[in-house]
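Structure first, then comments.
The values are calculated or read from the model by the stated rules, or taken from the named source; none is laboratory data. Note that this is a predicted model, so its numbers are computed, not measured. Here Cβ is always computed from backbone atoms with ideal geometry, including for glycine, and neighbour counts include all displayed protein chains. Just so you know, the surface numbers come from the protein's heavy atoms only, side chains and all, with ligands and any DNA or RNA stripped out. Shrake-Rupley method; radii C 1.70, N 1.55, O 1.52, S 1.80 Å.
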Amino acid sequence: MTEKMISLLFLIGSLTYLYWAQEFTFGTLGSPKSGFIPNLAGFTALLLSLLLILRQFRSKKYKNKEAVDWTKLLFILIGLVFYLLILNMAGYFVATFIFLFYLFKAADTSGWCFPLVLSFCSSAAFHLLFTYYLKVALP
Amino acid sequence: MDVLNLLLQGVSVSIIPSNLLSCTTGVLIGTLVGVLPGIDTVSAIALLLPFSYGMDSTAALIMFAGIYYGSKFGGSTTSILINVPGEAASVVTCLDGYPMGQKGRAGAALAISAIGSFIAGTIGLIGLTLLAPPLAQAALAFGPPEYFSLALVGLILLSKLTGTSTLKSALMAVIGIMLSTIGLDSLSGISRFTFGIDELDRGFDLSILAMGLFGIGEILTAMTHVDAKPNIPSVRFRDLYPTKEEWQRSITPMFRGGIVGFLVGLLPGPAATISSFISYGLEKRYSKHPEEFGHGAIEGVAGPEAANNSAISATMIPLLSLGLPFCGATAILLSGFMIHGITPGPSLITERPELFWGLIASMYIGNVLLLVINLPLIGVFVQLLKTPLNILMPLVAVVTLTGAYSINNSMLDLIWVTFFGILGFLLQRVGFEPSPLIIGLVLGPELERGLTQGLIICNGNIWTFITRPIAATILSLGAIVILYNFFTWFTKFNNKRKELDTNRY
């Protein structure tokens, strides 16, 4: 099912890209313009996604995939989005500390003290490394 | 003789303490990347790009190259000890390496794998030293049609050779080309698909895409994977001695693997992985004990491990002499070159000979360092394998995100990394290989420039491309691959139809 969804997403993406590519002049073979490659690439992607979808609908093979903990994935994604949202507001050190602690707990790290201390020390180390050694202007 | 003199000059560059330190750091990080499952070579190099800003360009590139070939060296450790390949290129090592470990010969398998990697790595480096300069010289005569042909055929071969579905790989490559059109068009100066967002004018940063697809994608896979904790055997230094028989059975596969790996490495695609499978097949065919394969045959470890290391040197040839990367890792290496203001390609050897030969000489030194450092440290690497992923992965996630932010100090880049991370996770899960997307992104501008400029030169007559000998030869190769693919599909389709007809009557 996920495979078909991804292929469908590519089909919609290719169609949208091809639609936007019409904004640029195609030109001629003797004088190709900025829309030349986008149109060719968009059309090829559309064709390939269609072929892929057709093949997937005809195929009855079921592949046994490795098990995934979808609840954990959801928690990690929520953490990622939350980190991006608070990074500018809370600043790098605080946001990274909260994010790391959250991820350690989401990844089933036992206890409270160890993840807390590790999150604090790691965020401080990363902050020092990027700010003072690499001279990166962190939020 | 000239090559030898230039190589000696390269040695003088690579033994400068700072370069030697970079080489050692690179091979050590590379080994760690290879040893630790869940951390990929491409994402590791992408992750370390920001750390190289303050470094001298030669030292930085020596370090990145060290990570690249070091990772293949370390990849076999987990295959032999816990039946989990640290790298895709070491998948085949599991087949006989793990059964050897089960029989108490893990140390010998690790030693043979390391020595085979060293021998084959040296074979590959000799090939690189001899082939890269004449190819770069020949490439000076290349015009837009030749570069277009190379990029196009590279993508066609890549789609065929990724090991997953050709259709899926081709789609990934085309999506990469589509992504490469986002931003300012270098020929007309028009902004394409930017929707008024200024930050999109510079296009997609290769390292951002790689950090998302490979880095965050791998982290999500590792953190959500449901599996049992592996039992890791301990290996001491004295366990590393192979028996006389193991030696005798390994030496020919090592050399054969080295040659096969080098030849496969010249083709686009995940050469290290493909060459290891080809080598395994060859060793099984030529072995006097084919029945032992799959149950702990030493040839099944020596050949593939040699092949994947030799392939690494060969994949550097198109990057250094033509400036065209044909696999994910060399694409990200190209990004490392660009960050330091260096454009690999035909002019690199003439304009920056100290860097070119210094880099090649450092690879010889790195190869020796890997053997000297890794064998005594095998016990340490085994201990590192015991690092729980629930501690390691959150830390890697934070370094990846911070590294991505530091490239352009942009929050938009972080959003892209997260988006491509989720996409990378889903793609890997449903059997789409993300590497062709990265290659499409890198080769896209080359393809567009070559095609549009070539068409202008040829007054719109595309058939003129095949009147140019080099372009014609390269395009013929692409046509053969497409025809072969079509023929295989048609034969399969026909056989299936005949089978159905027979069943009906």
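Between B:Ile251 and B:Asp2, the C-beta separation translates, for a Förster distance of 30 Å, into a calculated FRET efficiency of about 0.40.
Is segment B:398-465 rounded, prolate or oblate when judged by the Cα gyration tensor, a ≥ b ≥ c being the square roots of its eigenvalues, rounded requiring a/c under 1.5 and prolate requiring a/b larger than b/c? Verdict is oblate for segment B:398-465. The chymotrypsin sites (Phe, Trp or Tyr not before Pro) of segment B:1-109 meeting both criteria, a DSSP state outside H, G, I, E and B (loop) and at most 14 other C-beta atoms within 10 angstrom of the site's C-beta, are B:Tyr53. Carbon-plus-sulfur fraction of the accessible area of segment B:370-505, 1.4 Å probe, in percent? Answer for segment B:370-505: carbon and sulfur cover 68 percent of the accessible area. Heavy-atom accessible area with a 1.4 Å probe sorts B:Glu305, B:Glu354, B:Glu218, A:Glu23, largest first, into A:Glu23, B:Glu354, B:Glu218, B:Glu305.
Taking a sphere under 14 Å around the Cβ of B:Met254 and counting the other residues whose Cβ falls inside, with K and R at +1 and D and E at -1, yields a net charge of -2. Classified by the C-alpha gyration tensor, segment B:305-446 has an oblate form. Its axis ratio a/c, with a ≥ b ≥ c, is 1.5 or above, and a/b does not exceed b/c. In segment B:402-416, comparing the full protein assembly with the chain on its own, the residues that lose 20 Å² or more of accessible surface at a 1.4 Å probe are B:Thr402, B:Tyr405, B:Ser406, B:Asn409, B:Met411, B:Leu414. Among the protein heavy atoms, those of B:Met411 account for about 50 Å² of accessible surface (1.4 Å probe, every chain in place). Summing charges over neighbours of B:Thr78, with a neighbour being any other residue whose Cβ is under 12 Å away from its Cβ, gives 0 when K and R count +1 and D and E count -1.
Each principal axis of the protein assembly as shown carries a Cα extent, and these read 72, 70, 64 Å when sorted largest first.
Largest to smallest in accessible area, the residues B:Lys168, B:Lys288, A:Lys135, B:Lys498 fall in the order B:Lys288, A:Lys135, B:Lys498, B:Lys168 (1.4 Å probe, all protein chains included).
Neighbouring Cβ atoms from other chains, within 10 Å of the Cβ of residues in A:26-38, number 6 on average.
If R0 equals 30 Å, the separation of the Cβ atoms of B:Thr464 and B:Trp489 corresponds to a calculated FRET efficiency of about 0.45. Label separation (B:Leu384 vs A:Leu54): 4.9 nm, computed from points 7 Å beyond Cα along the C-beta direction.
What does the charge count near B:Leu61 come to, summing +1 for each Lys or Arg and -1 for each Asp or Glu among other residues with Cβ under 12 Å from its Cβ? Residues near B:Leu61 contribute -1 overall. Given only helices, namely DSSP H runs of n ≥ 4 each adding -39500 (n - 2.57), what is the per-residue ellipticity at 222 nm of chain B, to the nearest 500 deg cm²/dmol? Taking each H run of at least 4 residues, the total per residue is -24000 deg cm²/dmol.
Of all aspartates and glutamates in the structure, those lying under 12 Å Cα to Cα from A:Lys72, and not within fewer than 8 positions of it along the same chain, are A:Asp108. Using +1 at the C-beta of Lys and Arg and -1 at the C-beta of Asp and Glu, which of A:Ala124, B:Gly196, B:Ser169 has the Cα lying farthest in the positive direction of the dipole of the protein assembly as shown? Looking along the dipole axis, the top candidate is B:Ser169. For segment A:112-120, the Karplus equation 6.51 cos²θ - 1.76 cosθ + 1.60, evaluated at θ = phi - 60°, returns couplings of 10, 5, 4, x, 5, 5, 5, 5, 5 Hz by residue, with Gly and Pro reported as x. Once you reduce segment B:135-191 and segment B:283-310 to the center of their Cα atoms, the two points are 35 Å from each other. Inter-chain neighbour count for A:40-48: the average number of beta-carbon atoms from partner chains within 10 Å of each residue's beta-carbon is 6.
Taking label positions 7 Å along the Cα-Cβ direction at both B:Lys496 and A:Thr25, the computed distance is 4.6 nm, reported to one decimal. Approximating the spin labels as points 7 Å out from Cα along Cα→Cβ, the B:Phe195-to-B:Gln102 distance works out to 5.3 nm. Rolled with a 1.4 Å probe across the full set of protein chains, the surface gives B:Glu199 an accessible area near 70 Å². Here's how it looks for B:Asp40: its modeled amide H is under 5 Å from none belonging to a residue 5 or more places away or on a different chain. Look at where the Cα atoms of segment B:424-444 and of segment A:69-121 average out, and the two centres are 28 Å apart. Just so you know, the averaged projected area of the alpha carbon convex hull for segment B:154-225 sits at 6.7 nm². Would you kindly calculate the translational diffusion coefficient of chain B, applying Stokes-Einstein with the Kirkwood radius from alpha carbon pairs, for 10 °C and a viscosity of 1.306 mPa s, and quote it in µm² s⁻¹ without decimals? D = 68 µm²/s. Per the Debye calculation on segment B:12-90 with a single equal scatterer at every Cα and no solvent contribution, log₁₀ I(q)/I(0) for q = 0.16, 0.22 Å⁻¹ amounts to -0.55, -0.87.
Name the shape class, rounded, prolate or oblate, that the alpha-carbon gyration tensor gives for segment B:450-504, where a ≥ b ≥ c are the square roots of its eigenvalues, rounded holds for a/c under 1.5, and otherwise prolate holds if a/b is larger than b/c and oblate otherwise. Judged from the Cα gyration tensor, segment B:450-504 comes out prolate (a/c at least 1.5, a/b above b/c).
Shown in residue order for segment A:37-54 are the 3J(HN,Hα) couplings computed by the Karplus curve 6.51 cos²θ - 1.76 cosθ + 1.60 at θ = phi - 60°: 5, x, 5, 5, 5, x, 5, 4, 4, 4, 5, 5, 5, 4, 4, 5, 5, 4 Hz (x for Gly and Pro). Per residue, the accessible area of the protein assembly as shown comes to 43 Å², computed with a 1.4 Å probe over protein heavy atoms only.
Magnitude of the charge dipole for the protein assembly as shown, about its Cα centre and with charges confined to Cβ atoms of Lys, Arg (+1) and Asp, Glu (-1), is about 1640 debye. With R₀ fixed at 35 Å, the C-beta to C-beta distance from A:Tyr133 to A:Thr2 puts the FRET efficiency at about 0.25. Between the residues B:Pro99, B:Ser79, B:Cys458, the greatest Cα displacement towards the positive end of the dipole of chain B, with unit charges on the Cβ of Lys, Arg, Asp and Glu, is found for B:Pro99. Segment B:321-362 to segment B:363-411: how many Å between their Cα centroids? Cα centres, segment B:321-362 to segment B:363-411: 23 Å. Once you divide the Cα radius of gyration of segment B:391-505 by 2.2 N^0.38 Å, the number left is 1.73.
Relative to its residue count, segment A:5-139 spans a Cα convex hull of 201 Å³ per residue.
The value for segment B:16-62 of Rg(Cα) / (2.2 N^0.38 Å) is 1.16. The contact between chain A and chain B removes approximately 5500 Å² from the accessible area (both sides summed; 1.4 Å probe; ligands, DNA and RNA excluded). Against the empirical 2.2 N^0.38 Å (N residues), segment B:176-332 has a Cα radius of gyration ratio of 1.47. Cross-link pairs exceeding 32 Å in C-alpha to C-alpha distance, out of B:Lys72/B:Lys496; B:Lys72/B:Lys168; B:Lys168/B:Lys498; B:Lys72/B:Lys160, comprise B:Lys72/B:Lys496. Counting Cβ atoms of other protein chains within 10 Å of each Cβ in B:249-255 and taking the mean gives 0. Whole-percent P(r), segment B:116-202, all Cα pairs, 10 Å bins from 0: 14, 23, 32, 24, 7, 1. Largest first, the residues B:Ile466, A:Ile37 sort by 1.4 Å accessible area into B:Ile466, A:Ile37. Summarising the amide proton neighbourhood of B:Asp185: residues at separation of 5 or more, or on other chains, whose placed amide H is nearer than 5 Å comprise B:Ile190, B:Ser191, B:Arg192. Among complete DSSP H helices in chain B, those whose alpha-carbon atoms stretch at least 20 Å along the helix's long axis and whose mean Kyte-Doolittle hydropathy reaches 0.5 are B:17-35, B:57-82, B:106-139, B:144-161, B:166-180, B:299-322, B:353-374, B:389-408, B:411-429, B:435-457.
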